[in-house]
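The values are calculated or read from the model by the stated rules, or taken from the named source; none is laboratory data. Please read all numbers here as calculations on a predicted model, not as lab measurements. Reconstructed Cβ throughout: ideal geometry from the backbone, glycine too, with neighbour counts over all protein chains shown.
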Amino acid sequence: CGVFGIYAPEMEIARLTYYALYALQHRGQESAGIAVSDGRNIDGHKGMGLVSEVFSVHQLEKLNGKMAIGHVRYSTTGSSLVANAQPLVVHYQQGMMALAHNGNLTNAYELREELGKDGVVFQTTVDTEVIVKLIARYRRINLEDALIKTMLDLRGAYALVIIAENKLIGVRDPYGLRPLCIGQVGGHYCLASESCALDTIGAELVRDVEPGEIITIDEEGLHSRQGLPSQNRAGCSFEYIYFARPDSTIDGINVTESRRQMGIELAREFPVDADIVIPVPDSGMSAALGYSEESGIPFQQGLLKNRYVGRTFIQPTQEMREVAVRLKLNANTRVLKGKRVIMIDDSIVRGTTSSKLVDMVRRAGAKEVHLLISSPPVLYPCYYGIDTAEREKLIAAQMDIEGIREFTGADSLHYLSSEGLIRALNGSSVCLACFDGDYPASVPSTKGGKLNL
Ligand code: 5GP
Ligand code: SF4
Ligand code: MG
């Protein structure tokens, strides 16, 4: 998911939030929502679909106030329903609160059971509602302290934006699993999942929210408080590999640059005798450029992308994903005919994309197809908000590398090593759990399972 928040009394906050969500659209395409506050009342609009489908000019004009938060959703827990769209807006003793969440709680099931025993009722099936209910329950103490108490209860990944009690608040989990950054525009502050949203609205990147930090923005400006001590920093490496937009900078590392470095590392680890390097657009683009740069093998655009198709992976069913691959990408015979091709993609999850594309590139006349992947094999599920599927669907958890090569039909197959990946990320401390099973935060109990609440 993607989140955004802004506190800017003199600005058109709904419109700015709309543009920011537009820039974060790649983080979720199922639903979108905006909530605005005048300091007391909260108003909002949300719906299923893309940001551009959910909001009309008319609706944006009706949303006025001095602060706003917004959300784009891609479902990892809870079904794809409008009731599960965010921000969640609730009434509690101190007034109204709106909250938007990126990430996945790993103990939502247990927390829900516990709250349920106390008579708390839930209106949605998303883990996020648990957070709202916990904050409301602890609010006998002041809001920031209630937030700290809530953070103590939460396990897993969360980057939150909240409006309540005339404040805009941003929270990042103690591992910093999901990104969240602070921006400044016209003397006002905003918060966003990725810096590309700040660029879009003309805001400057101030800094990233630190793991475990609570940022409060109000009339007096910005305040910081360490909500929980930061654990081992473990930002999601998959943000760099695939998920984030290439023009974003997360925790000091530019996404395009990190992907280019992954390509360079790949070229050092696996030199292949070939005529051209082609990316799987868009996600393999920078890695293919890096590979070409390091190896001296020319970069060519052998696969063309239909600009009007969204992210195929995000389609909920397997059949939809398969058709979507062909709808999304086509091979350019002129470039590929008679060539020994290195095809670079960022990752293989289920194997759908790679096997279709190797076949497509061969049919277009390629003599050899070498598949190089700019991340290690995805062996374990993510419980922290990236939908890399259950273990049974992960091809690398089912077959060895030779089996996957055979399945995809490639002449050779190479994955970047985790050492190479870390080098490409300047040695930073990141989460690699989907590659090595070493989960930084707790994982769900078998009872909670993958939390299809
Ligand atoms: P596969 O077809 O193997 O299931 O998925 C691999 C393709 O989906 C790659 O081209 C990659 O760019 C994209 N992808 C990989 N992992 C993810 C993910 O966790 N989320 C989304 N949305 N897309 C992914
Ligand atoms: Fe990111 Fe993988 Fe960790 Fe999930 S398990 S947070 S996808 S690195
Ligand atoms: Mg891709």
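Residue-by-condition table, conditions (1) in contact (Cβ under 8 Å) with a residue 60 or more places away in the chain; (2) assigned to a helix (DSSP H, G or I); (3) out of contact with any strand residue (DSSP E or B) (no Cβ under 9 Å at 6 or more places or on another chain):
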| site | (1), (2), (3) |
| --- | --- |
| A100 | yes, no, no |
| V130 | no, yes, no |
| L134 | no, yes, yes |
| I148 | yes, yes, no |
| L152 | yes, yes, yes |
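Residues that are aromatic (F, W, Y) and under 20 Å from H71 (Cα atoms) within region 126-177 comprise just one, Y158. Counting the residues of region 137-159 that are farther than 21 Å from P211 by Cβ and surrounded by 19 or more Cβ atoms within 10 Å (Cβ to Cβ) gives 1. Beta carbons closer than 8 Å, at least 6 apart along the sequence or on distinct chains, pair a first residue in region 387-410 that is assigned by TED's automatic domain parsing to the domain that holds R363 with a second that is hydroxyl-bearing (S, T, Y) and more than 13 Å from ligand 1 (Cβ to nearest atom) for R405/S412. Among the conditions (1) assigned to a helix (DSSP H, G or I); (2) surrounded by 23 or more Cβ atoms within 10 Å (Cβ to Cβ); (3) assigned by TED's automatic domain parsing to the domain that holds L413, E294 misses just one, which is (2).
For region 327-350, how many residues are more than 16 Å from ligand 2 (Cβ to nearest atom) and over 24 Å from Q261 (Cα atoms)? Counting residues in region 327-350 that are more than 16 Å from ligand 2 (Cβ to nearest atom) and over 24 Å from Q261 (Cα atoms) gives 13.
For G49, state whether it is within 18 Å of the chain's Cα centre (by Cα) and free of Cβ contacts under 8 Å to residues at least 24 places away in the same chain.
In short, yes.
Of R362, R307, all but one fail to be basic (K, R), in a loop (DSSP other than H, G, I, E, B), away from ligand 2 (no atom under 15 Å from the Cβ) and in the same structural domain as L266 (by TED's automatic domain parsing); the exception is R307.
Matching residues to (1) at pLDDT 95 or above; (2) on the phi < 0 side of the Ramachandran plot; (3) among the hydrophobic types (A, V, I, L, M, F, W, C):
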| residue | (1), (2), (3) |
| --- | --- |
| S355 | no, yes, no |
| K367 | yes, yes, no |
| I373 | yes, yes, yes |
| L413 | yes, yes, yes |
| N426 | yes, no, no |
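Answer with yes or no whether I404 is at pLDDT 95 or above and either under 23 Å from Q261 (Cβ atoms) or out of contact with any Cys (no Cβ under 7 Å at 6 or more places or on another chain) (or both). Yes.
For R350, the conditions (1) more than 16 Å from ligand 3 (Cβ to nearest atom); (2) in contact (Cβ under 8 Å) with a residue 12 or more places away in the chain all hold with the exception of (1).
Residue-level analysis places S355 among those that are in a helix (DSSP H, G or I) and touching a Phe, Trp or Tyr at 6+ places or on another chain (Cβ under 8 Å).
Criterion applied to V323, V361, V341, V335 was being more than 16 Å from ligand 3 (Cβ to nearest atom) and either surrounded by 20 or more Cβ atoms within 10 Å (Cβ to Cβ) or free of Cβ contacts under 8 Å to residues at least 12 places away in the same chain (or both), and the one residue passing it is V341.
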